[in-house]
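One structure is given below, encoded as structure tokens.
The values are calculated or read from the model by the stated rules, or taken from the named source; none is laboratory data. In this text, all values refer to a predicted model and were calculated from it rather than measured experimentally. Neighbour counts run over all protein chains shown; Cβ positions are idealised from the backbone, glycine included.
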Amino acid sequence: MQLYEPINQLKPFAPGNNPRIWIVDGPIVRMALYGAKVPFPTRMTLVQLEDGGLWCHSPTELTPELKSQVDALGPVEHLVSPNKIHYAHIQAWKEAYPDAIAWASPGVRDRANQQKITTHFDAYLDDNPPADWRTELDQVIFRGSRFMDEVVFFHRPSKTLILTDLIENFELNKVSPAMGILIRIGGHFDPDGKTPLDLRATFWGNKAQARVGLAQLLAWEPERIILAHGRCYDSNAIAELNRAFRWLS
């Protein structure tokens, strides 16, 4: 699998001289899927809040190089698990930044216990952004899946929507032939990225609930979308959302 080089480095995402939002492409992780260990690329989003503190969404592996870059920006204040399968590196970050608040998504505590991955969380995420970031970031829990809920965030200053697994957009020329077969079956490949088939199936009977979440995403009127897996969308966010979630119709 080809990664989005360079990895383990802060990369500005939004245009402008001071967008205060970056992505970090991390190394490959292997997840248990379909009876095998399937490789997935990782991506973190980092936002610098008005007070200079750093908000870290789905933290990737904390390498010395990355830590040096992060420390140069400001103090790490928030470590965010956006859904119950994105949390593996939070404990390492918590140990490096003990004053940071680790935020738990729905179900992540139980998942971590089941996987025997020790992770200390300090607070829970819900539909309302806490005072720590409500002037800059909005959020909603996207419900309807029988497997997991995802907390979706919207960065107002850059008009960026931050998704995790609700849309995956793998470029087939970056994956192995075997991985390409799985992605084609799942239907989540560029330029028609969407919710993978197995996750879509968990919304059976609950699509009306999911449409409520989608309505909120559209109401924010984002201009760009960060994804955790695959090519992000740096423009035409509304059109991409309507296309990617057409399975909810």
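Checked against the criteria, GLU168 counts as surrounded by 20 or more Cβ atoms within 10 Å (Cβ to Cβ), within 20 Å of LYS84 (Cα to Cα) and not hydrophobic (A, V, I, L, M, F, W, C).
When ASN169, ASN173 are screened for being modelled with pLDDT of 95 or more, at negative phi and in contact with a Gly (Cβ under 6 Å, 6 or more places away or on another chain), only ASN169 passes. Among the residues of region 21-50 satisfying the criterion of being more than 19 Å from PHE153 (Cα to Cα) and of a type outside the set (A, V, I, L, M, F, W, C), which is farthest from the chain's Cα centre (by Cα)? Taking the candidates together, the pick is GLY35.
Of all the numbered requirements in (1) in a loop (DSSP other than H, G, I, E, B); (2) within 18 Å of ALA228 (Cα to Cα); (3) aliphatic (A, V, I, L, M), LEU79 misses one, and that requirement is (1). Inside region 90-118, can you point out the residues that are within 18 Å of the chain's Cα centre (by Cα), farther than 16 Å from MET44 by Cα and either among the β-branched types (Val, Ile, Thr) or in a loop (DSSP other than H, G, I, E, B) (or both)? Within region 90-118, ILE101, PRO106, GLY107, VAL108 meet the criteria.
Of the residues LEU182, LEU163, which is at pLDDT 95 or above and either of a type in the set (D, E, K, R) or surrounded by 14 or more Cβ atoms within 10 Å (Cβ to Cβ) (or both)? Give the steps one after another, and end with the answer.
Details: LEU182 fails: at pLDDT 95 or above.
Exactly one of LEU182, LEU163 is at pLDDT 95 or above and either of a type in the set (D, E, K, R) or surrounded by 14 or more Cβ atoms within 10 Å (Cβ to Cβ) (or both), namely LEU163.
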